[in-house]
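The values are calculated or read from the model by the stated rules, or taken from the named source; none is laboratory data. Quick caveat, the model's predicted, so the values are computed rather than measured. Note that we place each Cβ from the backbone using ideal geometry, even for glycine, and neighbour counts take in every protein chain shown. Quick note on the areas: whole protein, heavy atoms, side chains included, nothing else; ligands and nucleic acids left out. Shrake-Rupley method; radii C 1.70, N 1.55, O 1.52, S 1.80 Å.
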Amino acid sequence: MKTLFSGVQPSGIPTIGNYLGAYKQFTELQHEYDSYFCIVDQHAITVPQDRLKLRENTKTLAAIYLASGLDPEKITLFVQSEVSAHAKAAWMLQSVTYIGELERMTQYKDKARKQSAKEGINAGLLTYPTLMAADILLYGASIVPVGDDQNQHLELTRTLAERFNNRYNDIFTVPEVKLPEVGGRIMSLNEPTKKMSKSDDNAKSYISLLDNPKTAAKKIRSAVTDSGSEIRFDKENKPGISNLLVIYSGLTGQSIKDLEAEYEGKSYGEFKTALGEVVESFLTDFQERVNEYVESGRIDDILDEGRERASRKADKMVEKMERAMGLGRKR
Ligand code: AQP
């Protein structure tokens with residue numbers, strides 16, 4: 001069976017964008033692959049975090065992963081900082097990464113701009129993609145389901161795997177990216193040309209998976225729409241309505257074409273009210289499942305077991321990397 005790896009940062013409560021871009025694919029793919037899902041808290045500290053909040057978000061994120069439909073009997077769910085192989089492998093991979101490659105990453109450029117306005121830019125923000133490459137390559141993953149924004153990091157992971165294989169020894173599987181058919185890039189509700197992000201300062205720009213369902217419906221009703229009145233998918237000229245159509249389609253499984261036909265001749269108001277109801281009902285069910293997991297008290301056991309399984313596999317790869325690079329003594 002081939003292996004799948006994917007990670008999400010506990011940098012806040014995930015949004016409906018994270019759900020449609022990532023979790024929804026995870027649950028569909030878990031049956032076809034030996035699947036490793038990681039809560040990447042070491043990535044999260046590349047921007048300032050409140051210590052207690054980070055811990056709380058890590059546990060909440062585990063409940064959200066499970067509530068999305070992941071089967072803990074089938075998959076391995078674990079916390080990145082609890083498996084020391086990630087930091088070790090990232091250090092080794094930094095020696096095959098060029099600074100120019102890291103400086104070209106658009107996520108780095110965006111986040112560095114924000115950080116430099118407040119304080120200095122930390123080195124972790126620059127080397128983030130090397131840690132991400134380590135996460136993936138440690139498990140021999142052949143497929144990595146992510147949203148659109150991670151595509152560039154995945155390309156770099158492939159480059160680093162090939163470079164390491166050529167320079168030292170052929171030990172890494174070169175992974176393929178898997179983007180969702182619908183929902184690879186959900187946009188902000190009030191600025192639909194910008195990606196929806198859980199760490200956005202404006203809470204009206206995103207729908208958090210733990211938002212009060214009624215408040216979330218209200219956010220949809222007040223989402224920015226475009227000039228004109230037609231409900232039609234046209235990213236260039238109608239970014240607001242197009243984004244709402246993608247969310248509608250992602251949550252209901254109805255195709256965008258069907259939705260355009262269903263809402264032909266109807267107003268933006270009617271369309272947004274209907275989508276608000278879809279979101280409200282989705283969140284109500286979703287949050288019920290999150291609460292069931294939280295109350296079950298099973299999360300720590302699932303993460304402990306995940307840590308053991310992940311460590312066993314990742315430690316073996318670290319040994320192979322060290323051997324290939326000549327680190328330590330030969331025993
Ligand atoms: N807007 C989005 N639409 C679709 N997919 C998205 N993803 C993120 N935003 C969208 C996908 O969600 C997964 C987890 O992302 P992450 O938490 O590791 O980091 P991120 O990509 O940086 O997500 P955010 O929400 O923008 O977080 P912050 O604000 O903390 O930086 C990834 O697969 C991502 O592609």
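When the residues of the stretch 255-291 are filtered to those that are in contact with a helix residue (DSSP H, G or I) (Cβ under 7 Å, 6 or more places away or on another chain) and in a loop (DSSP other than H, G, I, E, B), the one that is least open to solvent (accessible area, probe 1.4 Å) is 263.
Would you check if residue 74 is farther than 29 Å from residue 297 by Cβ, more than 14 Å from the chain's Cα centre (by Cα) and of a type in the set (Lys, Arg)?
Details: farther than 29 Å from residue 297 by Cβ: no; more than 14 Å from the chain's Cα centre (by Cα): yes; of a type in the set (Lys, Arg): yes.
No: the conditions fail for residue 74.
Any idea which residue in the stretch 195-222 is least open to solvent (accessible area, probe 1.4 Å), counting only those that are aliphatic (A, V, I, L, M) and either more than 23 Å from the chain's Cα centre (by Cα) or at pLDDT below 95 (or both)? Before the answer, list the steps.
Looking only at the stretch 195-222, we keep the residues that are aliphatic (A, V, I, L, M), and these are 196, 203, 207, 209-210, 216-217, 220.
If we keep only those that are either more than 23 Å from the chain's Cα centre (by Cα) or at pLDDT below 95 (or both) as well, we get 203, 217.
On the way: 203: 47, 217: 2 Å².
By that ranking, first place goes to 217.
Hey, any hits in the stretch 190-204 for a residue that's more than 14 Å from the ligand (Cβ to nearest atom) and part of a helix (DSSP H, G or I)? The answer is yes; a qualifying residue exists. If you check residue 74 against the conditions, is it assigned by the TED database to the domain that holds residue 162 and within 25 Å of residue 200 (Cα to Cα)? Answer is no for this residue. One residue stands out among those in the stretch 165-180 that are away from the ligand (no atom under 12 Å from the Cβ) and part of a loop (DSSP other than H, G, I, E, B): the one that is most open to solvent (accessible area, probe 1.4 Å), which is 170.
Taken together, 89, 85, 112 contain a single residue that is within 16 Å of the ligand (Cβ to nearest atom) and open to solvent by less than 20 Å² (accessible area, probe 1.4 Å), which is 112.
Condition check ((1) over 19 Å from residue 66 (Cα atoms); (2) among the hydrophobic types (A, V, I, L, M, F, W, C); (3) free of Cβ contacts under 8 Å to residues at least 24 places away in the same chain) across all residues:
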position: 241; (1), (2), (3): yes, yes, no
position: 246; (1), (2), (3): yes, yes, no
position: 258; (1), (2), (3): yes, no, yes
position: 261; (1), (2), (3): yes, yes, yes
position: 267; (1), (2), (3): yes, no, no
position: 299; (1), (2), (3): no, yes, no
position: 308; (1), (2), (3): no, no, yes
